[in-house]
Amino acid sequence: MENSNDLEEIWSIFGEEIRENLDLVEDCLLKLANNPQDPDLIAALFRSMHTVKGGARMMGLSALETLAHHAEDLVSLARDEGIPLDEEMIHLLLLSLDHLRQLAEEVLCRRQDVDQCRAAGPVRALEALIAARRAPAGAPGVNPLTQVEPAPAAGLPAAGAAPAAAYVPPPVEIIDLATDPLSVRIFLEMEDEELRKIQAGLETYIEQPQSEALERVASAADSLAYAAGQMGCAGLAEALGQLVAACVACIQQDDSAGSPPVENLLPLLVAVEEAEVAARQRFASLASTPPAVVSPPAAKPPEPPAGETYPLAVKDAAPAPGVPSGQIMQQFLDVIGEMAGDQTTLNQLVVRLSGADLLGGITRILKFEQDPTRALEAYLSQHMQDIAALTQAEHRVSASIGRLQEMVNEMGISIDRTIVDGMVVRIGRVEYLIPIASILRIAGISAQNLLRSSSEGHRLLFQMEEQILPVIDLSEAECSADGLVVVVEGEALPFALRIDELVGQQRALVLPLTGQMVGIRNVSGCFLHGDGKVGMVLDPARIEAAC
Amino acid sequence: MEKKRIMIVDDSPAMRLVIRNFFSTDKNFVVVQTAENGRDALEKLPAANPDVILLDLEMPEMGGLEFLRHARLKTRAKLVVLSSVAATGSQAALQARMLGADAVVAKPSGAVSYDLAEKRGSELWQVIHQLLGMQG
């Protein structure tokens with residue numbers, strides 16, 4: 001219940017509001033007299049009349065409300081029903097405006113309602129004109145001035161009537177946001193914005209490890225996770241949820257230990273970005289569908305170059321004089337892309353040639369072919385072509401590496417170990433590069449070679465011939481008796497690193513970790529995939545030390 | 001019990017004040033933010049973190065229907081449309097429901113008659129208690 005001060009304040013604000021809106025109504029009507037079909041003016045006129053009606057209804061001023069409601073109905077013919085606003089309609093609306101002003105000043109002066117019949121005349125005229133404009137062509141016209149019997153005000157309770165029954169909305173089918181182009185656009189814009197916040201927060205944290213930056217990352221990831229869930233992007237929502245959980249864990253350790261570990265965050269970010277790409281591809285067709293109603297887009301910062309994801313490794317790069325940093329980055333990624341294509345070709349040829357049993361093939365040709373000379377020529381020719389293609393691919397990869405090194409120098413990045421031959425493996429969702437030089441063997445796990453020690457907390461062991469090696473599992477998943485291990489040479493002893501997938505061999509451009517990242521356990525650097533994404537380079541010595 | 005956080009989105013200052021006053025009579029609620037249109041509400045939403053958003057439909061710049069599309073992605077708050085046309089089952093009210101409004105309630109009326117809570121206000125009060133799982 002309001003006290004008298006509250007009521008006086010409400011009257012005062014209502015007075016300002018209704019006068020302001022009636023002025024807006026007049027302004028719109030005068031402009032519409034010259035340009036009666038302007039949709040923006042019609043929409044503005046409707047809104048102002050609607051606000052007058054709503055305010056009057058709120059204050060319990062039935063005459064004002066009824067008259068504003070009918071005037072709004074007349075405007076809605078033009079706004080919602082495609083009936084053109086004409087001179088007669090504008091004239092009647094101006095007359096109604098005069099009545100509304102008169103009634104408004106009176107109720108504001110008296111601080112109470114006036115008799116509803118005070119609005120009866122203009123209300124009847126408005127009803128008649130609405131009916132006439134809605135009547136089909138050829139139907140007898142209705143003269144508003146001769147319309148005597150008032151029709152009941154649609155949708156409004158009569159004065160003194162009991163309040164309407166509570167509105168119970170009928171069951172409706174809620175729109176699936178994933179199929180609604182406008183919602184998809186909103187989601188994609190939101191995705192861009194929140195991912196930028198996540199990346200910026202992580203970069204800030206790496207430079208200056210304070211929990212506020214991680215809180216911003218967690219907040220943005222949480223918001224985006226919710227939106228992704230609403231859009232049916234379960235993979236993205238899950239990846240973001242894991243990032244949120246890892247941030248919270250880091251913040252808690254930060255609070256207690258003062259030395260926050262961040263080693264889990266970047267692989268999780270990579271997983272988020274992969275899921276984000278999948279989500280974006282899913283909505284690609286809908287996002288380009290022009291929506292029926294679009295609000296003016298907010299000013300957005302320029303988009304990152306195509307293919308660029310998390311610019312961790314080159315964020316500090318100084319652009320070459322006169323050349324925009326984005327352009328250098330794009331060139332850099334283009335070269336990486338070319339190199340990845342050549343590297344794939346190279347790998348395929350190496351596999352084909354190394355798997356070929358050249359001697360066996362020649363023996364078969366000599367034994368079974370009717371024309372062994374021609375068959376042998378063709379057989380060797382094919383192999384020679386493969387060898388030539390392999391040599392060319394090697395040259396191209398070497399050239400790409402040279403160009404990358406030049407560009408990296410140009411960007412001012414200091415690199416200790418630029419190129420590493422490594423084996424790319426997947427552990428959980430993250431791909432790691434293990435330097436080839438440190439790999440002793442790759443083997444399958446079986447019930448025979450996977451053991452569990454009776455001491456040391458029942459840790460898992462891998463038997464390789466006569467050696468028993470500790471099994472290290474970075475994914476923290478339950479190790480089952482299948483999958484693969486990479487036996488890696490540590491500084492003191494070898495150990496078996498459990499992996500989920502052997503992705504392939506790659507000569508990779510490795511960038512060093514900087515700032516706070518230097519202390520990340522298990523990782524010595526990051527490398528760039530062919531598509532520009534960042535992966536982690538495992539450091540066997542650090543893994544061994546951690547264990 | 002922690003107070004439930006209310007955000008009011010309406011272009012009418014008087015309506016915002018009336019609704020704010022309405023909730024000020026109930027110690028279970030606090031109005032944490034008001035906004036004069038959908039765009040204004042989107043800017044204020046992260047800091048406000050409301051439990052319930054009371055939303056008008058007809059507003060300049062960004063109306064209630066467009067705001068609902070954003071809100072379904074950007075907030076977990078319950079979305080209650082306060083519409084003066086809701087009782088007639090208008091197209092706008094139906095669209096609001098289809099866009100995910102948790103409830104559509106007629107705007108309060110007769111605010112100056114000292115019995116708001118016994119008129120439309122009571123419906124609003126009941127709907128919000130029901131949506132938030134609060135005991136009436």
Picked from the stretch B:90-116 (must be at pLDDT below 60 and more than 7 Å from chain A (Cβ to nearest Cβ)), the residue most open to solvent (accessible area, probe 1.4 Å) is B:D115
Qualifying position, being open to solvent by 30 Å² or more (accessible area, probe 1.4 Å), away from every other protein chain (no Cβ under 12 Å) and not in a loop (DSSP other than H, G, I, E, B), among B:K27, B:K44: B:K44
May I ask you to list the residues in the stretch A:50-64 that are under 13 Å from A:W11 (Cβ atoms) and buried (at least 24 other Cβ atoms within 10 Å of the Cβ)? A:G55, A:A56, A:M58, A:M59, A:L61
When every residue in the stretch A:176-187 that is modelled with pLDDT under 85 and open to solvent by 50 Å² or more (accessible area, probe 1.4 Å) is compared, the one farthest from the other protein chains (Cβ to nearest Cβ) is A:T179
Complete set of residues in the stretch A:65-81 that are closer than 24 Å to A:C109 by Cβ and either more than 12 Å from every other protein chain (Cβ to nearest Cβ) or open to solvent by 10 Å² or more (accessible area, probe 1.4 Å) (or both): A:E65, A:T66, A:L67, A:H69, A:H70, A:A71
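Within the stretch A:207-216, which residues are open to solvent by less than 10 Å² (accessible area, probe 1.4 Å) and out of contact with any Cys (no Cβ under 9 Å at 6 or more places or on another chain)?
Of the stretch A:207-216, the ones open to solvent by less than 10 Å² (accessible area, probe 1.4 Å) are A:213-214.
Of everything in the stretch A:207-216, just one residue is open to solvent by less than 10 Å² (accessible area, probe 1.4 Å) and out of contact with any Cys (no Cβ under 9 Å at 6 or more places or on another chain), namely A:A213.
Does A:L22 satisfy being buried (at least 18 other Cβ atoms within 10 Å of the Cβ), part of a helix (DSSP H, G or I) and in contact (Cβ under 8 Å) with a residue 24 or more places away in the chain?
Working: buried (at least 18 other Cβ atoms within 10 Å of the Cβ): yes; part of a helix (DSSP H, G or I): yes; in contact (Cβ under 8 Å) with a residue 24 or more places away in the chain: yes.
Yes; evaluated as a whole, the condition is true for this residue.
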So A:G412 fits all but one of (1) out of contact with any Leu (no Cβ under 8 Å at 6 or more places or on another chain); (2) modelled with pLDDT under 75; (3) open to solvent by less than 40 Å² (accessible area, probe 1.4 Å); what number is the exception? (3)
Suppose we filter the stretch A:217-255 for residues that are under 14 Å from A:L269 (Cβ atoms), within 13 Å of chain B (Cβ to nearest Cβ) and open to solvent by 10 Å² or more (accessible area, probe 1.4 Å); how many remain? 1
Quick one: A:R118 ticks every box in (1) in contact (Cβ under 8 Å) with a residue 60 or more places away in the chain; (2) open to solvent by 80 Å² or more (accessible area, probe 1.4 Å); (3) more than 14 Å from every other protein chain (Cβ to nearest Cβ) bar one, so which box is it? (1)
Count - residues of the stretch A:71-105 that are under 18 Å from B:A92 (Cα atoms) and either of a type outside the set (S, T, N, Q) or in contact (Cβ under 8 Å) with a residue 60 or more places away in the chain (or both): 10
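Here's a check for you: in the stretch A:27-47, which residue that is polar (S, T, N, Q) and free of Cβ contacts under 8 Å to residues at least 12 places away in the same chain is farthest from the other protein chains (Cβ to nearest Cβ)?
Kept after step one, since they are polar (S, T, N, Q), are these residues of the stretch A:27-47: A:34-35, A:37.
Still in the list and also free of Cβ contacts under 8 Å to residues at least 12 places away in the same chain: A:34-35.
Values: A:N34: 22, A:N35: 19 Å.
Looking at residues that are polar (S, T, N, Q) and free of Cβ contacts under 8 Å to residues at least 12 places away in the same chain, I get A:N34.
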Which residues, counting only those in the stretch B:67-80, are under 18 Å from B:V105 (Cα atoms) and either aromatic (F, W, Y) or facing another protein chain (nearest Cβ under 9 Å) (or both)? B:F67
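The values are calculated or read from the model by the stated rules, or taken from the named source; none is laboratory data. Predicted, not measured: the structure shown is a model, and the values here were computed from it. Note: ideal-geometry Cβ built from the backbone for every residue, glycine included; neighbour counts use all protein chains shown. In case anyone asks, the SASA skips ligands and DNA or RNA and just uses the protein heavy atoms, side chains included. Shrake-Rupley method; radii C 1.70, N 1.55, O 1.52, S 1.80 Å.
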